[in-house]
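Everything below concerns the one structure shown next.
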Amino acid sequence: MSLVVKKKIGSENIPLYKENLSYPNNIKDSASVDGKLVNGRYAKYVLLVLMLVSFFNFIDRQILSILAEDIKADLGLSDGDLGFLYGTAFAVFYAIFGIPLARLADSWQRKKLISIGLGFWSLMTALSGTAKGFTSLALCRFGVGVGEASATPAAYSFLYDYFSPRYRTTVLAIYNSGIYLGMGIGLFLGGMILDGWNGAYPLSSEAPFSLKGWQAAFMAVGLPGLLLAIWVATLKEPRRGLGDGVAADVAKAAKSEHPLRILKTELLPLIPLINLWVLRQVGAGSKALWLNVIFGTSFVLIAALMIDATGETLQWSALCAGLYCVFSWVQSLVCRDPVCFGLIFRCKTLCYLYIAVGLNVFTAVAIIFWSIPYYQRYHGVDASEIGSVMCLFIAVAGLIGVLLGGVLADWLRQYTRRAKLFICFGAWLLSLIAGVCLLLTDNLSIAYFCSFIFFLAGPLSAAPLVSTINDLVIPRIRAVATAVNIVATTFIGTALGPYIIGVLSDTFVAEGLESGEALRQSLLMGLAPSLVALLFLMAAIKHFIADDDSRLDRARALGESM
């Protein structure tokens, strides 16, 4: 049963109050028991702690950018190698493990999952400081990707149970503010540690443990995360669905199935050859098996063609293998959980959004990563200055943008149900204009101003976007819906954006362009996907109301007991 109270504005029915009063699998109304938790002081405390998790998540992820030039010189890497380390090496493992870890978040205690993941990725960041070459650094980046895959889907699900629908976009904005604080402060700390260490120890042989500046920076930002992991483990696990007026007993759910059994169930469909056996076990027909073989063969051929064209074996092998693993998992999901599959992959709004955000992230991540080398090469700014400037821009502009986006979306929601997606469209358009101006000007001051606007505009869409994705599904599959979004943004955006810009830059340099101009031309070409993203976002806006209104009906039609 669903209770909805609406008011009429124009041609839209605006929900003032929406509460699902029943839900399957031992879920009961818990307002009388846990009502004080929803929107209360403890909920705000949880939000603060999880914001710190988001903060460390992006410190550990972004610091490679400020260290890139020193790592490149010390380890003899190319721009393509750096793009791989920042993008593909992290992204493939982040995306692949994000799926089973999200399913675990929908079934197990989320605080434990976030705590273990945080501890692991912090350790792998610190171990990056021991890297002696490309391979060892890539392995550490693989580990960072696996660990960080545990955080965001579980955190979103966690916060949705602690806060009511009225505040969720603002709450997710506050959580995501940790992203921009982490990115900005990560750049500042990285630049400060790098310059300070190199200044104090010009000869690495005289430094403690013979560490170079970039190695010390990795260790300095990685180790504190281990302490935060212990703090996260002390949080109270909320009842699932609490913020929607319904609840499942998480403790019973956790006891009913061991977490390792859940991981086994979700990981096996990702493993080549074993996935065929899994498909047969879950009841997939011969057509599904042949389709899997056809897609697997196609990915192998695509990888071979790209390797032959670019000479980058690791990049394309990892990317195509990751795509095949995800495809296999989706195939098994059709049989194992048709409700989850249907609500996500048969929802036009979600499908358009996943493509749109992936294309937009392609441009955004490429500019974020390559901005510092661009300013160093094209404008001749030293690492210390650009690290401080980018820290200020990303932290201040990002913080303002992400919080403003959440507040604006919740306010505009009173007048139109499409408010969140309208905020996304305006934000993406403004960031595209800022990116064009940034790369076309030779004036350093104007370039700085454009960078500030770019880092302000992009985050405006963060909370409205993830909130819309979570709104379009039922509580028990919110983490998976978030994970699928991460897969799309990772494979389309993070894995390809920095890498392709790096390869284009290397190509232009080989053709005779100066390195700064080569990178500028590459980044200009990298703006094209964000323009296409706007078209897919428009399609999502068109279908949103119909998909939002039919969410519960679609769940029932797919077999969910309501």
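Brief remarks follow.
- Note on the range 309-332: residues that are within 24 Å of G145 (Cα to Cα) and in contact (Cβ under 8 Å) with a residue 24 or more places away in the chain total 16.
- Out of W121, W108, sole residue that is assigned by TED's automatic domain parsing to the domain that holds L223, aromatic (F, W, Y), over 18 Å from F56 (Cβ atoms) and crowded, with 20+ Cβ neighbours inside 10 Å: W108
Table: residues versus (1) of a type outside the set (F, W, Y); (2) within 26 Å of L465 (Cβ to Cβ); (3) at pLDDT 85 or above.
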| site | (1), (2), (3) |
| --- | --- |
| W290 | no, no, yes |
| S317 | yes, no, yes |
| A321 | yes, no, yes |
| F327 | no, yes, yes |
| L359 | yes, yes, yes |
| F369 | no, yes, no |
| P373 | yes, no, yes |
| S384 | yes, no, no |
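- Subset of the range 466-513 that is in contact (Cβ under 8 Å) with a residue 12 or more places away in the chain and part of a loop (DSSP other than H, G, I, E, B) - its residue that is nearest to A95 (Cα to Cα): A495
This table checks each residue for (1) among the polar types (S, T, N, Q); (2) over 27 Å from A419 (Cβ atoms); (3) without any contact (Cβ under 8 Å) to a residue 40 or more places away in the chain; (4) touching a strand residue (DSSP E or B) at 6+ places or on another chain (Cβ under 8 Å).
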site	(1), (2), (3), (4)
G98	no, yes, no, no
R110	no, yes, no, no
T130	yes, yes, no, no
A154	no, no, no, no
S177	yes, no, no, no
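- So G559, is it of a type in the set (G, A, S), farther than 24 Å from A419 by Cβ, free of Cβ contacts under 8 Å to residues at least 60 places away in the same chain and not in a helix (DSSP H, G or I): no
- Considering residues of the range 133-144 that are more than 20 Å from the chain's Cα centre (by Cα) and in contact (Cβ under 8 Å) with a residue 40 or more places away in the chain only, the residue surrounded by the fewest Cβ atoms within 10 Å (Cβ to Cβ): G133
- For the range 50-70, taking the residues that are surrounded by fewer than 24 Cβ atoms within 10 Å (Cβ to Cβ) and modelled with pLDDT of 80 or more, the one that is farthest from V171 (Cα to Cα) is identified as D70.
The values are calculated or read from the model by the stated rules, or taken from the named source; none is laboratory data. Please read these numbers as outputs of a predicted model, since none were measured by experiment. Quick reminder, even Gly has a Cβ in these numbers, built from the backbone with ideal geometry, and neighbours come from all protein chains shown.
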